[in-house]
Amino acid sequence: MSTRTDGRLPVVLLHGIRLSGTMWRQVAAAVAPHRPVRTPDLPGHGRRRGEPFTMDAAADAVAGVIDELGGRALVAGLSLGGYTGIATAARHPERVAGLVAMGCTLRPRGLAAACSRSAAGLAARHSRWADRLSVAGFRRTLPAPLADDVLAGGLSCEVMPQAVAAVEALRPPAPLAAYDGPVWFVNGERDPFRADEREFLHACRDARLTLLPRRGHVATLIETTQIARLVLDGAASLDQRAAPPVRPAGTGLPAAAPRAATAMPEAGAG
């Protein structure tokens, strides 16, 4: 069943590992007056806790949400949500009009991948301890109202090994090569997950990069206004691309189609 969107491209926001869609409450509140927005829980997270997480299942779940919104949307995600957005764009390109991928330009390999697997396994085996550590970390890093939103849907540390394995199996950035929609990468300037951002940019046909000064991985969420603006500007540009060309008055010829944006990255602030 589809939801009426009044011709405005909808937005789907995807959360990070062990969290839920509640982490996007402030961004969603900023986007909602302008266009439809959804913040679904991925398999194994939030209201779907206990379900197995695979990247195919997550991408199919996102595609199902897009179908409910009319069949095409801008997808934006942070961390695991960003990798899931990449997988969705590769698996369902006809549904993903554009992609905003935040904090997910690290190619999992070598020591970094081994450390991620080890930390995820430890968190799953000792979930109560991992929950307490996560709560303390979020409350130390984020302002209280934002930390409350991030934690409101609960924590699902037990799903972390499955999610980490799924990101490794995705082998990013390779899936981006087959996607011809625009991609906006957004990274905190101090985020270790930005290590391979140039490789991700070069894998895309049409991509840009925005850096958030002095922000790390989780702290990216503090830039609520800027993230909402990036999402809204991206959706507006996609609306413009989708609009039929206007026939110039007094001629029998259609107007030239708008030129696609170039694949040059933006200069990062700071």
Discussion item. Using only Cα atoms and rounding to the nearest 10 degrees, what angle (0 to 90) does helix 55-68 make with the longest principal axis of the chain?
Written reply: 50 degrees
Worksheet entry | On Cα atoms only, tilt of 160-170 relative to the major axis of the chain in degrees | 40 degrees
Discussion item. Please report Rg (one decimal) and Dmax (integer) in Å for the Cα set of the chain.
Written reply: 18.5, 72
Response to the item:
In the neighbourhood of Ser134 defined by beta carbon distances under 12 Å, the net charge of the other residues (Lys, Arg +1; Asp, Glu -1) is +4
Practice prompt. Note the full-extension length gain between Thr141 and His34 as 0.36 nm times their separation in residues minus their Cα-Cα distance, in nm to one decimal.
Written response: 35.6 nm
Worksheet item: Mean separation of Cα pairs under 8 Å and 6+ residues apart, divided by the residue count of the range 11-241: what relative contact order is that in percent?
Response: 25 percent
Worksheet entry | Between 0 and 90°, nearest 10: helix 110-125 axis offset from the chain longest Cα axis | 60 degrees
Item to complete: Work out the FRET efficiency for Ala114 and Thr225 from their Cβ-Cβ distance, taking R0 = 35 Å, and round it to the nearest 0.05.
Response: 0.40
Item to complete: Report, in deg cm²/dmol and to the nearest 500, the calculated mean residue ellipticity at 222 nm for the chain, where each DSSP H run with n ≥ 4 adds -39500 (n - 2.57) and the sum is divided by the residue count.
Response: -12500 deg cm²/dmol
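Laboratory data are not the source of any read-out in this text; all were calculated from the coordinates shown. Small disclaimer: the values here were computed from a predicted structure and weren't measured. We place every Cβ from the backbone using ideal geometry, glycine too, and count neighbours over all the protein chains shown.
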